[in-house]
Amino acid sequence: MPRYDYESRPFPTLWSNLLTPPPPFHAMTSKNHIRPWLGFSTSKALGNFGDANYMEQLLVHCATAIETNDATLVQQILWVLNNIAAPDGDSNQRLTCGFLRALVTRAARSGTCKVLMTTAANLAIATHKFSIIELAGFVDLTPWHRFGFTAANAAILDAVEGFPVVHIVDLSLNHCMQIPTLIDSIANRLEGPPLVRLTVAGLTEDVPPMLDLSYEELGTKLVNFAKSRNVTMEFRVIPSSSSDGFSTFIEQIKIQNLLHSMNREALVINSHMMLHYIPEETLLSSPNASYRTIFLEAVRSLDPTIMVLVDEDADFTSRNLVLRLRAAFNYLWIPYDTVDTFLPRGSEQRKWYEADLCWRIENVVAAEGAQRVERLEPKGRWVQRMWSAGFRRVGFNEEGVGEVRSMLDKHAAGWGLKREEEDLVLTWKGHNVVFATVWTEKQDEAWLGTAYI
Amino acid sequence: MDPYRSGSSSSCAGKAPDQIDGLLAAAGYRVRSSELRNVAQRLERLETVMVNAPSEISHLADEVVLHNPSDLASWVDSLLSELNQPVPVPDLSDLTYAQPLDPTVNTGAWMEHHAAEQHREIPQVLTAVEEDSCIQLVHVLMTCAGSVQRGEFSLARALIDEMQGLLTRVNNRCGIGKVAGYFIDALSRRLFSPQGSGLIGSAYENEILYHHFYEASPYLKFAHFTANQAILEAFDGHDCVHVIDFNLMQGLQWPALIQALALRPGGPPLLRLTGIGPPSSDGRDSLREIGLRLAELAHSVNVQFAFRGVAASRLEDVKPWMLQVGPKEAVAINFIMQLHRLLVSDPTRGSPIEAVLGWIRNLNPKVMTVVEQEANHNQPEFLDRFTEALHYYSTTFDSLETCSTQPDKALAEIYIQREICNIVCCEGLARVERHEPLAKWQSRLRGAGFKPLHLGSNAFKQASMLLTLFSAEGYCVEEDGGCLTLGWHSRPLIAASAWQAIPEPNPPLGLVDPYNNVV
């Protein structure tokens, strides 16, 4: 019986059955196989935002690792991020924490990862359902929305002078928080108040801030408020979905206009922070006109007296996750930074406010396709769209600007006002936050609707 | 866990055909009375075959000649009573195998468990023949190990040949077949090249294997981020910190810690890292290379950093003066799958573990992180070690089946193979893989003057989250009295714990500096 001679007969079956035999050791170089480590680029100047810069880089690396299915690197970075981004830390840490949660959610949804029920439950963001009083209080705390309201009210008052009927079409995120102040100014106009018809787009998608009462109830309250100011108001809500570009909404408005076309009616389109939910070109498979373009052209076809367009000045539309993440990080640091000036640490209100921010961060980072609704575009692009749709700019009068300034004076010192051509821009520590623009019809030119490419 | 321990014998009286035969039951066999005749016939055939054997098994006949031929029957009897089945000569492959009485540890149940694992993970179905062959394989493995323990090397070698034959009937790409293949290989090495001490690669090879094992499975990652969590928390509030890593390898553990320290509230500390590792034989100073790269990383995140490498072939050769611990430093000692190497004991020098733990204690570290394989591979009896290793590494290989990237998976298996070989092939100073379970480490470390540090909910939450998100289903993290374990399904495979030195209750008469020198 021959003894088994291991030296000359290596055990055959082990190796022959490996799917791909590994290369011989001498063929492997350590460079190919040792993982390159993450260093931070030192080319960026580290100012006050040194830490934020590092955190942004870690988030970017994490996003890239998720996209390339590099589980090891994702785990390492998540470990670091978990330790440096405390949910109750300073504003940079809380901002990073929001992005961290969003990245974990994204990773959990990607094909290679599996999520247990407990993990999913921990990640769910609990946004607050505001009562009218709470929401009104919130809106007053910060110029974020008051800026747009104040500027818009001044412009609207100007434009509807002399009209006996004013039809306000309100497309705003804030559930008509602007309306009471608008009604106040209209009620006090010299020639007496007009009849006001208020048509509101009730967004069917649940985006924060969420309201705890129905639009019907809200409408009743608003009508009663108007009555208390001696203004007769009719209220109508049209449920609308951003996913079809508010097309049913526009149809309803057209029908209304036909019914009331005999009256001398001022049509005011008042949109605050809502139009960015309408899908634009990156959500299309074909390069034809996007819902956003179609919407603006449809609005133009209503021949409005005035259109107010207020929105946040940032670009969240990139298809590339890393670019989007950077854009969101470099914009949403602002609300985290400002909140220290108007809400105390640990307060319930701060939690609500930041929960809504986390919702937005998660939507930008973890959602794709039609689920991703936070599609902000910067002012320059909106201006171009409006122009192409047949609108021309109207400036703000000095009185209006003055009102905005005095409103800002009541808030923290970091807020500022910039005038860019005919537009107004709200700034925080010099960075653009919200822009306000006012438009009317381009009349003199032969206008052909242009598809935005 | 002795599969050979027989249960209580059944009654000898009144043999109904279905009743289990009492005599064989006493030897651990369940054979129905109705089948006794069958068994007796087989035994006769066995006798005939062995006595008139062709050349392949004639050496068995040679063995038999050493005994009195009239004792053949009793020799066969003793074979039957010690083994779970007759010698698997091909003629007898249709014999119904007697199952051992002890139901808790039997290969049948284990087979089911593994077959179930395979069904979950890989869409392969074991045929009845394969399953049978797998059961045979495991039986013969145990038998072979038993014969090795008793010094019956000829029998063992014959069994090896038999197992190689069985392997061809079994799918050895996965499951029991693959694991058995590695263990057969290890037994072969033990029997046929006793001069060689298992598989030893160069330090460079070891690094490559380690790296791929790191990538292919979550065990090392879990070890690193659990240890790092304990170290990060222990360093809170300290401005000068010193980490002593008893196996630097490629320093994979440290970039994450450096980055977390860089961004900790209050700013980073001054960080010193001492990396211990084997000397490189090929002229590369790998410790220095790793140290330089870590220094680059630390520099890029504005962490003041200094590195020292200590090249030592054996951990017990490391002396405290080599580490140059400063008086004001907060020290963290890091043992990832290393501490068990100090359990190798030389009768002339005693156990190094006590000496090393002693001087570590005198350093008064803020934390000592210990991650070890959760297994009892240091038992004095070879068969016990073998059995334990078979269970442990079967579970490990099962978990590796979920890795789909190559060559990570293949090289990870070789990494594990080396551990198996060390446990099975080596003895004495060469056997370094002396894994012990957490409970033993806990009492050992307590006895050495350390108290446990609770690993904390942070570590547990992180480990759970990272593992459930990025590793295959089947891994589980558990908390066990302040320690964390990572396992595959219900079997913990790795245990992580953190420790702190208890200050000496009765200080010695002279002043003792941290290097254990009396001042």
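The values are calculated or read from the model by the stated rules, or taken from the named source; none is laboratory data. Just so we're clear, the structure is a prediction, and the values are computed from it rather than from any experiment. Quick reminder, even Gly has a Cβ in these numbers, built from the backbone with ideal geometry, and neighbours come from all protein chains shown. SASA here: full protein model, heavy atoms, side chains in, ligands and nucleic acids out. Shrake-Rupley method; radii C 1.70, N 1.55, O 1.52, S 1.80 Å.
I need to check one value: relative contact order of the stretch A:53-199, counting alpha carbon pairs closer than 8 Å and at least 6 residues apart, in percent.
15 percent
If I model a spin label as a point 7 Å beyond the Cα along the Cα-Cβ vector, how far apart are those points for A:D206 and A:K410 in nm?
In this crude label model, A:D206 to A:K410 measures out at 3.3 nm.
Using θ = phi - 60° and the Karplus relation 6.51 cos²θ - 1.76 cosθ + 1.60, list the HN-Hα couplings for the stretch A:99-107 in order, rounded to whole Hz, with x at every Gly or Pro.
With coefficients 6.51, -1.76 and 1.60, one gets 5, 4, 4, 5, 5, 4, 4, 4, 4 Hz.
What does the C-alpha gyration tensor say about the overall shape of the stretch A:256-402? Classify as rounded when a/c is under 1.5, otherwise prolate if a/b is larger than b/c, or oblate.
In terms of gyration-tensor shape, oblate.
Roughly how many Å² of A:V196 are accessible to a 1.4 Å probe, to the nearest 10?
A:V196 exposes around 0 Å² with every protein chain in place.
Want the number for A:D140 to A:Q371: 0.36 nm per residue separation, take away the alpha-carbon distance, what's left?
80.1 nm
Could you work out the relative contact order of the stretch B:125-192? I mean the mean sequence separation of Cα pairs under 8 Å and 6+ apart, divided by the number of residues, in percent.
36 percent
Run the reach check for A:K379 against lysines, Cα to Cα strictly under 21 Å, same-chain hits fewer than 8 apart removed. What comes back?
A:K418, A:K429, A:K442
Could you tell me the accessible area of A:E377 in Å² (1.4 Å probe, neighbours in place), rounded to the nearest ten?
0 Å²
Can you compute the modelled spin-label distance between A:L417 and B:L270, with each label point 7 Å from Cα toward Cβ, in nm?
Placing both labels 7 Å along Cα→Cβ, they lie 5.4 nm apart.
Given R₀ = 25 Å, what would the calculated FRET efficiency be for A:R109 paired with A:K429, taking r from the Cβ atoms and rounding to 0.05?
Rounded to the nearest 0.05, the efficiency is 0.10.
Check cross-link reach from A:K221 to the lysines: straight Cα distance under 27 Å, and skip same-chain residues fewer than eight apart.
Once the sequence-local lysines are set aside, what remains near A:K221 is A:K129, A:K254.
Say each of A:K221 and A:L195 gets a label point 7 Å from the Cα, pointing the same way as Cα to Cβ; how far apart are those two points in nm?
2.7 nm
Taking θ = phi - 60°, what integer Hz values does the Karplus form 6.51 cos²θ - 1.76 cosθ + 1.60 yield along the stretch B:432-437, in sequence order, with x for Gly and Pro?
With coefficients 6.51, -1.76 and 1.60, one gets 9, 7, 9, 5, 10, x Hz.
Not counting ligands, DNA or RNA, and with a 1.4 Å probe, what is A:V394's accessible surface area in Å² rounded to the nearest 10?
Its heavy atoms expose roughly 50 Å² to the probe.
Rounded to the nearest 100 Å², what is the buried accessible area between B and A, both sides summed, probe 1.4 Å?
Interface between B and A: roughly 5400 Å².
For B:K451, put the label point 7 Å out on the Cα→Cβ axis and report which residues of the stretch B:480-504 keep their amide N under 20 Å from it.
B:480-484, B:497-504
Heavy-atom accessible area per residue, the stretch B:203-501, 1.4 Å probe: how many Å²?
Accessible area per residue, the stretch B:203-501: 33 Å².
Once the cut-off is 16 Å, how many percent of the Cα-Cα pairs in the stretch B:125-192 end up in the long-distance tail?
39 percent
Within 12 Å, Cβ to Cβ, of A:V200, how many net charges do the neighbouring residues add up to if Lys/Arg are +1 and Asp/Glu are -1?
Local charge sum for A:V200: -1.
Between B:R288 and A:E281, what FRET efficiency follows from the Cβ-Cβ distance if R0 is 41 Å, with the result rounded to 0.05?
Efficiency at R0 = 41 Å is approximately 0.15.
Of B:K319/B:K451; B:K221/B:K409; B:K178/B:K461, which pairs sit farther than 27 Å apart, going by alpha carbon to alpha carbon?
Over 27 Å Cα-Cα: B:K178/B:K461.
Using 1/(1 + (r/R0)^6) with R0 = 22 angstrom and r between the beta carbons of B:T405 and A:V322, what's the FRET efficiency to the nearest 0.05?
Efficiency at R0 = 22 Å is approximately 0.40.
I'd like the mean, over residues of B:466-476, of how many other protein chain beta carbons sit within 10 Å of each residue's own Cβ.
Going residue by residue through B:466-476 and averaging, the value is 5.
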